[in-house]
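Notes follow the structure.
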Amino acid sequence: MFNKMLTKTLVTAIVAATAGTTFAADATNWPSRPVQVVVPANAGGDTDFNARTMAKYFTQITGKSMVITNMAGGGGTIAVSQVQGARPDGNTILFAHTGQLVVNEVSGLTEDSFDVLDIACIAAVDKGAVFVSSKASGIKDVKDLVDKAKAAPGTVVYGTEMGGFSHLQGLMFEKLADVKLKFVDSGTAAEKVTSLLGGRADLGAISFGVVQDYVTKGDMVAIAQPNAERNPLLGDIQTFREQGIDMVMDKPYVIAFPKGTDPAIVAKMAAIMKDITEKPEYAQDLEKAYKQPVSYYGTGEAIDLLKQTRENYMQYKDVLRQGGK
């Protein structure tokens, strides 16, 4: 009887050890098939571009493809839920920015924080955003903007997506400059451009690559970039700090897996992304499309940055949930 029990125990231990070894081997061999990348945005925008550019070089490095699935709607909550509910086998990932992973929680669009997923890394950081004014507004720089907003509070029209990332940019500027803007829901980036060109909005925050031609023609004025230091790819556009407003607001793009994904897979994805960022042609792609320099944060740094970002944004929770009123 004892021998039978001992034999059964040994067999169980061997099976368990073998299963663990097999799982580790699977992680080491990842990816073994195409990986689905869920992007909480429509095709053609900055998030989609960064995801597709990553996918191109991921295939070069691994020999396996990435299938981009655009899943706009719900401010990104639909896409996040899709990845949350996926099997944690490494074959489904989320590619999103802090608007979808942090701002949505701050605005009350979701109760979930970014930690409902396993964060792999920050793949890139959008440092190509600028505040632009319409030609009709007559606003030439930050001083003009502040003077006009103080002279007639609530009259400078800020076009945005209410409850989203650009909305929070406007709220942050309001607080730091001690002014009051008029927030108007202008919809997508393309719709925001239309509002600015039509004189229905005086001000907006948008990627410079989208408005560069209009700035060059004089139809808009790029008044400031919300970066800690100048992004040289934006030319001579000054930062807010240079113009007396201590405003810095980056937009990192995050790669995340369903909770419970093997840490070896998460680590391998982070390592692959780091390899991608070291390719000169990758840097050229980012510069050409969105005036975006190469940025990368490994897993630990990425989580720390997301925590810090969440803490910073939470001070705007009440006003963001009230629609900026």
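At 1.4 Å probe radius, can you tell me the per residue accessible area of the chain in Å²? List each step's numbers first, then the result.
Numbers: 14790 Å² over 325 residues.
Solvent-accessible surface per residue comes out at 45 Å².
Would you mind telling me the share, in percent, of accessible area of the chain contributed by carbon and sulfur at probe 1.4 angstrom?
After summing per-atom areas, the C and S share lands at 53 percent.
Contour minus end-to-end for residue 84 and residue 59, with contour as 0.36 nm per residue of separation and end-to-end as the Cα-Cα distance?
6.6 nm
In the range 84-217, if every C-alpha pair distance is counted and binned at 10 Å from zero, what percent goes to each bin?
It works out to 11, 37, 30, 15, 6, 1, in whole percents.
Give me the net charge of residue 230's neighbourhood, meaning all other residues with Cβ under 11 Å from the Cβ of residue 230; Lys, Arg count +1, Asp, Glu -1. If you can, show how the numbers build up before the last one.
Details: positive: 127, 241; negative: 229, 236, 242.
It works out to a net charge of -1.
Can you list, bin by bin at 10 Å, the percent of alpha carbon pairs in the range 240-294, starting at 0?
18, 33, 29, 17, 3
Using only the Cα atoms of the range 209-325, build the gyration tensor, take square roots of its eigenvalues as a ≥ b ≥ c, and label the shape rounded, prolate or oblate: rounded if a/c is under 1.5, else prolate if a/b is larger than b/c, else oblate.
Oblate.
State the percent of C-alpha pairs, over all pairs in the chain, separated by a distance greater than 35 angstrom.
Of all Cα-Cα pairs in the chain, 27 percent lie more than 35 Å apart.
At 7 Å along Cα-to-Cβ for each site, give me the label-to-label distance between residue 318 and residue 191 in nm.
If labels sit at residue 318 and residue 191, their model points lie 3.0 nm apart.
How many angstrom separate the Cα center of the range 291-314 from the Cα center of the range 153-177?
Result: 22 Å between the Cα centres.
³J(HN,Hα) across the range 223-234 via Karplus (A = 6.51, B = -1.76, C = 1.60, θ = phi - 60°), whole Hz, x for Gly/Pro?
Computed from phi, the couplings for the range 223-234 are 8, 5, 10, x, 9, 4, 10, 4, 7, x, 6, 8 Hz.
Once the Cα gyration tensor of the range 32-149 is diagonalised, what are the square roots of 5 times its eigenvalues, in whole Å and ordered largest first, as equivalent ellipsoid semi-axes? Present the calculation step by step, with values, prior to reporting the outcome.
Details: eigenvalues 220, 69, 26 Å².
Working from the Cα gyration tensor, I get semi-axes of 33, 19, 11 Å.
Can you give the Rg and Dmax of the range 134-187 based on its C-alpha atoms, in angstrom?
10.7, 28
Could you give me the ³J(HN,Hα) list for the range 277-287, computed from phi with Karplus coefficients 6.51, -1.76, 1.60 and θ = phi - 60°, whole Hz, x at Gly and Pro?
5, 8, 8, x, 5, 5, 4, 5, 4, 5, 5
From the phi of every residue in the range 31-36, what ³J(HN,Hα) in whole Hz does the Karplus formula 6.51 cos²θ - 1.76 cosθ + 1.60 yield, where θ is phi - 60° and glycine or proline is x?
Karplus-based 3J(HN,Hα) across the range 31-36 equals x, 10, 7, x, 9, 7 Hz.
For the range 161-206, would you read off the P(r) tail past 17 Å as a percentage of all alpha carbon pairs?
Result: 27 percent of Cα pairs exceed 17 Å.
For residue 70, enumerate residues with amide H under 5 Å from its amide H, sequence gap 5+ or separate chain, H modeled in the peptide plane.
Residues meeting the amide H criterion: 39.
Which longest uninterrupted range of the chain lacks any GluC sites (Glu not before Pro) assigned by DSSP to a loop state (not H, G, I, E or B) and surrounded by at most 13 other Cβ atoms within 10 Å?
Working: sites that count: 111, 229, 278.
Within the chain, the longest run free of exposed GluC sites (Glu not before Pro) spans 112-228.
Short version: what are the Cα gyration tensor semi-axes of the range 203-274, square root of 5 times each eigenvalue, largest first, in whole Å? Could you put the intermediate results ahead of the total?
On the way: eigenvalues 248, 44, 25 Å².
Semi-axes (√(5λ), whole Å): 35, 15, 11.
Could you pull out the pairs from 150/291; 182/288; 135/175; 140/180 whose alpha carbons sit more than 29 Å apart here?
Pairs exceeding the cut-off: 150/291; 182/288.
Run through the range 97-156 and list the trypsin sites (Lys or Arg not before Pro) located in a DSSP loop whose Cβ has at most 15 other Cβ atoms within 10 Å.
140
The values are calculated or read from the model by the stated rules, or taken from the named source; none is laboratory data. Remember, predicted model here, so these are calculated numbers, not experimental data. Using ideal geometry, Cβ is built from the backbone for each residue, glycine included, and neighbour counts are taken over all protein chains shown. To get the accessible areas, we keep the full protein, side chains included, count just its heavy atoms, and leave off ligands, DNA and RNA. Shrake-Rupley method; radii C 1.70, N 1.55, O 1.52, S 1.80 Å.
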